[in-house]
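J.: Structure below; questions to follow.
The values are calculated or read from the model by the stated rules, or taken from the named source; none is laboratory data. Because the structure is a prediction, the values reported are computed rather than measured. Glycine gets a Cβ as well: all are built from the backbone with ideal geometry, and neighbour counts include every protein chain shown.
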Amino acid sequence: MIEKYYNLLGVSEYSTDREISEAYFSLRKKYLEERFEEGEKGNEAAKKLTEIDNAYDEIKRYREEHSVGNNAGLYKQVDEALKNGDISSAQSILDSFDERGAEWHYLQSVVFYKKGWMNECKKQLEIAIALDGENKKYKESYDRLLEKMNASKAKKDENWNKSGSGAGANAGQYGNYNASNFDEPQMGGDSCLDFCCQMALCNMCLNCCCNMR
């Protein structure tokens with residue numbers, strides 16, 4: 001919903017309050033002058049005046065409720081860092097925020113996505129939607145992420161079934177494997193867990209050997 005108001009004024013969600021005000025008053029001056037012209041042009045200008053007045057009021061209200069205005073410059077820096085592929089800088093800027101609203105959680109989800117941490121990305125998008133359920137961008141991003149995660153799990157399931165079907169007598173043991181039981185790799189991956197399991201097995205073997213003496 002809010003995106004259409006930004007578009008109407010020719011600004012973006014990362015524009016500062018000053019930039020938005022300048023765009024609004026520039027458009028208002030234009031349509032005030034055209035309003036007195038005869039015919040359809042005058043009528044259209046009067047209509048546009050009402051639309052930009054409403055858009056400006058809605059943007060101000062939204063920014064006050066979501067604490068966007070004061071942090072617009074920082075949000076813009078995060079957005080630019082992400083576009084440049086500088087994930088480290090983007091995360092550093094996000095960490096500097098005192099107030100963390102819906103847009104903060106959305107941008108954090110983008111950072112996690114670029115790192116390949118899909119479950120963490122999903123959680124951040126869910127928080128963003130909970131804070132601002134009317135934001136179309138958050139919803140569309142969430143739906144696309146779910147599609148990607150489901151497709152990835154389906155592919156894993158297919159690959160496992162293919163592998164299991166050629167495993168002879170062991171095929172029945174793994175044929176019902178469900179890829180959804182396994183999450184996407186998260187922070188630190190599975191290497192630490194594997195190492196711990198290996199160490200535990202080694203310890204058990206040593207204990208058995210010692211008891212046999």
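J.: Looking only at the stretch 97-111, count every residue that is surrounded by fewer than 19 Cβ atoms within 10 Å (Cβ to Cβ) and at pLDDT 95 or above and tell me the total.
T.: The total comes to 0.
J.: Considering (1) within 24 Å of GLN91 (Cβ to Cβ); (2) modelled with pLDDT of 50 or more; (3) surrounded by 12 or more Cβ atoms within 10 Å (Cβ to Cβ), say which one GLN186 fails and leave the rest.
T.: Condition (2) is where GLN186 drops out.
J.: Can you tell me which of (1) modelled with pLDDT under 90; (2) surrounded by fewer than 17 Cβ atoms within 10 Å (Cβ to Cβ); (3) touching a helix residue (DSSP H, G or I) at 6+ places or on another chain (Cβ under 7 Å); (4) among the charged types (D, E, K, R) is the one LYS114 doesn't meet?
T.: Answer for LYS114: the failing condition is (1).
J.: Give me the pairs, please: first residue somewhere in the stretch 16-30 and of a type in the set (Lys, Arg), second residue anywhere and in a helix (DSSP H, G or I), beta-carbon distance under 9 Å, and either six or more positions apart or on two chains.
T.: ARG28/LEU49; ARG28/ILE52; ARG28/ASP53; ARG28/TYR56; LYS30/ALA45; LYS30/LYS48
J.: Here is a list of conditions, (1) in the same structural domain as GLU120 (by TED's automatic domain parsing); (2) more than 18 Å from the chain's Cα centre (by Cα), and GLU44 meets all of them except one; can you say which number that is?
T.: Going through (1) in the same structural domain as GLU120 (by TED's automatic domain parsing); (2) more than 18 Å from the chain's Cα centre (by Cα) one by one, GLU44 breaks only (1).
J.: LYS76 - would you say it is among the basic types (Lys, Arg) and under 29 Å from TYR142 (Cα atoms)? Break it down into steps so the answer makes sense when it comes.
T.: Numbers: among the basic types (Lys, Arg): yes; under 29 Å from TYR142 (Cα atoms): yes.
In short, yes.
J.: Another one. Of the conditions (1) outside the structural domain of LYS137 (by TED's automatic domain parsing); (2) under 22 Å from ILE127 (Cα atoms); (3) at pLDDT 90 or above, ARG61 clears all except one; give me its number.
T.: All conditions pass for ARG61, except number (3).
J.: For the stretch 1-31, what are the residues that are in a helix (DSSP H, G or I) and within 13 Å of LYS48 (Cβ to Cβ)? Walk me through how you get there before you give the answer.
T.: To start, the set of residues in the stretch 1-31 that are in a helix (DSSP H, G or I) comprises 2-9, 17-31.
Across the stretch 1-31, the qualifying residues are LEU8, LEU9, TYR24, SER26, LEU27, ARG28, LYS29, LYS30, TYR31.
J.: Here's another thing I want to ask about it. Name, by its number, the condition in (1) buried (at least 19 other Cβ atoms within 10 Å of the Cβ); (2) more than 30 Å from ILE127 (Cβ to Cβ); (3) among the aromatic types (Phe, Trp, Tyr) that does not hold for PHE36.
T.: (1)
J.: Quick check on ASN161: is it of a type in the set (S, T, N, Q) and in contact with a Phe, Trp or Tyr (Cβ under 9 Å, 6 or more places away or on another chain)?
T.: Yes: the conditions hold for ASN161.
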